[in-house]
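J.: The structure under discussion is supplied below as structure tokens; questions concerning it will follow.
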Amino acid sequence: MGGFRAPPKVCAVRFRLRFLLQEIDLAPGVTTIGRSAACQITIDDPLVSREHARVKVDGVHVYVEDLGSRNGVSVNGKPIKGVVELGDTDRVRVGSQELVLCAVAASTGEKAQRRTTGFMCHCADCGMPYAAESPSCPACGSVQRATQEDTLTGAQSDRDWSLELAAEAVARALEKQSWEDVERLLLRSRLHVEQRLADGGRVDHRALRGVADAAVALATACGELTWVRWALSLYASLGQTPPSGLSRGISGFPAAVRDSLAPAVRQVVETITERGGPSPEDRESYETLVVLAGDR
């Protein structure tokens, strides 16, 4: 983190926040970020407060401040308190969303504009995404680049950053036992996973584990089995063994509930068996599913 020093012979510097497929120009003064439509940057995320944070542009300096939000603000992965100065390529996390600050040298009189982003790359050492134009990773300082992601054309890497962020957000909602937020995030995860599969992409088994755990927790707390059935059908279509948390969670349900889920469990067991059986590390979860399916 730190200020941006204008290079010699540059008449002006302007700043943008890179968010999803856009770069949003920051005007001098204060820009408010939140869920409210009254904010200059509105983010539709259940983990974002109505007025979550504000970014202030003061000459060649940019500052971010948490406005007492429920889930806080982090910069480059570290939670902040009070006002923090930002530097070029610093990553600001608001809810489950990340915005990247970009400092752009501009000639006097050049008009500000909103444009789509160019490229993001991933650090080979710490795995964090950052702007490709940055000479090194702002998180760990490494100059090693693992992959480059074209956010304009939608090219995908094997690592599913969106699902990982969703899993982190679900985990925070679970800690707060905010079941409405958990269900909204599960819906978002479902839409993302189904779209990714439809586009021929891969689903990260590790990130999906957090979604499965949330489905069990929601069913346990609220008696809502829809998400457990969806998780089972997803693992069946992928031919993967669900995490042990899912199988143990189903085992703890009342007998009538377990019986209602048995057909979906049986489908998972059948697809795993057809694909050669579980891996050694998944054997315990698989054996539990076999019992739940009524096959033993």
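J.: Do we have any residue at all in segment 5-17 that's in a loop (DSSP other than H, G, I, E, B), at pLDDT 90 or above and either surrounded by fewer than 18 Cβ atoms within 10 Å (Cβ to Cβ) or of a type in the set (Phe, Trp, Tyr) (or both)?
T.: The answer is no, given that none of the residues of segment 5-17 is in a loop (DSSP other than H, G, I, E, B), at pLDDT 90 or above and either surrounded by fewer than 18 Cβ atoms within 10 Å (Cβ to Cβ) or of a type in the set (Phe, Trp, Tyr) (or both).
J.: Can I ask one more? Condition (residue is in contact with a helix residue (DSSP H, G or I) (Cβ under 8 Å, 6 or more places away or on another chain), open to solvent by 20 Å² or more (accessible area, probe 1.4 Å), aromatic (Phe, Trp, Tyr) and modelled with pLDDT of 90 or more) applied to segment 277-292: is it met by at least one residue?
T.: Yes, segment 277-292 contains a residue that is in contact with a helix residue (DSSP H, G or I) (Cβ under 8 Å, 6 or more places away or on another chain), open to solvent by 20 Å² or more (accessible area, probe 1.4 Å), aromatic (Phe, Trp, Tyr) and modelled with pLDDT of 90 or more.
J.: Moving to a separate point now. Among the residues of segment 238-272, write down those that are closer than 18 Å to His205 by Cα, part of a helix (DSSP H, G or I) and either among the polar types (S, T, N, Q) or open to solvent by 40 Å² or more (accessible area, probe 1.4 Å) (or both).
T.: Residues satisfying the conditions are Ser244, Ser247, Arg248, Thr271.
J.: Ok, one more. Looking at segment 158-173 only, could you name the residues that are open to solvent by 40 Å² or more (accessible area, probe 1.4 Å), part of a helix (DSSP H, G or I) and free of Cβ contacts under 8 Å to residues at least 60 places away in the same chain?
T.: Within segment 158-173, Trp161, Ser162, Ala171 meet the criteria.
J.: Failed condition for Thr226, given (1) of a type in the set (Val, Ile, Thr); (2) open to solvent by 20 Å² or more (accessible area, probe 1.4 Å); (3) over 17 Å from Val170 (Cβ atoms), with all others met?
T.: Checking Thr226 against (1) of a type in the set (Val, Ile, Thr); (2) open to solvent by 20 Å² or more (accessible area, probe 1.4 Å); (3) over 17 Å from Val170 (Cβ atoms), the one that fails is (3).
J.: Is one or more of the residues making up segment 195-215 among the acidic types (Asp, Glu), over 22 Å from Leu174 (Cβ atoms) and modelled with pLDDT of 90 or more?
T.: Narrowing segment 195-215 to residues among the acidic types (Asp, Glu): 199, 204, 213.
Right, trim to over 22 Å from Leu174 (Cβ atoms) and you get 199.
Subset that is modelled with pLDDT of 90 or more: none.
No, every residue in segment 195-215 fails to be among the acidic types (Asp, Glu), over 22 Å from Leu174 (Cβ atoms) and modelled with pLDDT of 90 or more.
J.: Now, a different point. Being among the aliphatic types (A, V, I, L, M), farther than 25 Å from Pro278 by Cα and without any contact (Cβ under 8 Å) to a residue 40 or more places away in the chain is the filter here; which residues of segment 200-224 pass it? Break it down stepwise before answering.
T.: Taking segment 200-224 as the starting set, the residues that turn out to be among the aliphatic types (A, V, I, L, M) are 203, 207-208, 211-212, 214-219, 221.
Filter again for farther than 25 Å from Pro278 by Cα, leaving 218-219, 221.
Once the filter is applied, which keeps residues that are among the aliphatic types (A, V, I, L, M), farther than 25 Å from Pro278 by Cα and without any contact (Cβ under 8 Å) to a residue 40 or more places away in the chain, segment 200-224 yields Leu218, Ala219.
J.: On to the next question. Answer yes or no as to whether Ala219 is within 15 Å of Val268 (Cβ to Cβ), out of contact with any strand residue (DSSP E or B) (no Cβ under 9 Å at 6 or more places or on another chain) and crowded, with 18+ Cβ neighbours inside 10 Å. Step through it out loud before you land on a result.
T.: Details: within 15 Å of Val268 (Cβ to Cβ): no; out of contact with any strand residue (DSSP E or B) (no Cβ under 9 Å at 6 or more places or on another chain): yes; crowded, with 18+ Cβ neighbours inside 10 Å: yes.
Taking the combined requirement at face value, the residue does not satisfy it.
J.: Give me the residue from segment 196-214 that is open to solvent by 70 Å² or more (accessible area, probe 1.4 Å) and among the charged types (D, E, K, R) and, out of that set, farthest from Ala167 (Cα to Cα). Quick ask: steps written out before the conclusion?
T.: Keep residues of segment 196-214 that are open to solvent by 70 Å² or more (accessible area, probe 1.4 Å), which gives 198-199, 202, 206, 209.
If we keep only those that are among the charged types (D, E, K, R) too, we end up with 199, 202, 206, 209.
Details: Asp199: 21, Arg202: 16, Arg206: 9, Arg209: 8 Å.
Of everything passing the filter in segment 196-214, Asp199 is farthest from Ala167 (Cα to Cα).
J.: Given the residues Leu185, Leu174, which is the only one that is closer than 26 Å to Asp282 by Cα and at pLDDT 80 or above?
T.: When all the criteria are applied, what remains is Leu174.
The rows are residues; the columns are (1) more than 29 Å from the chain's Cα centre (by Cα); (2) closer than 27 Å to Ala198 by Cα.
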{"residue": "Thr220", "(1), (2)": "no, no"}
{"residue": "Gly239", "(1), (2)": "no, yes"}
{"residue": "Gly252", "(1), (2)": "yes, no"}
{"residue": "Gly276", "(1), (2)": "yes, yes"}
{"residue": "Arg283", "(1), (2)": "yes, no"}
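J.: Between a residue in segment 273-296 that is within 21 Å of Arg206 (Cβ to Cβ) and any residue that is open to solvent by 40 Å² or more (accessible area, probe 1.4 Å), which pairs come within a Cβ distance under 7 Å, given they are 6 or more apart or on different chains?
T.: Glu284/Ser244; Ser285/Ser244; Thr288/Arg248; Thr288/Ser251
J.: Search segment 188-199 for residues that are over 17 Å from Leu47 (Cα atoms) and pair each with any residue that is open to solvent by less than 80 Å² (accessible area, probe 1.4 Å) and not aromatic (Phe, Trp, Tyr) when their beta-carbon atoms are under 6 Å apart and the residues are at least 6 apart or on different chains.
T.: Final answer for the pair search is His192/Ser162; Val193/Val203.
The values are calculated or read from the model by the stated rules, or taken from the named source; none is laboratory data. Computed from a predicted model, the values in this text were never measured in an experiment. Virtual Cβ from ideal backbone geometry, glycine too; neighbours counted across all protein chains shown. Ligands, DNA and RNA are excluded from the accessible area calculation, which covers all protein heavy atoms including side chains. Shrake-Rupley method; radii C 1.70, N 1.55, O 1.52, S 1.80 Å.
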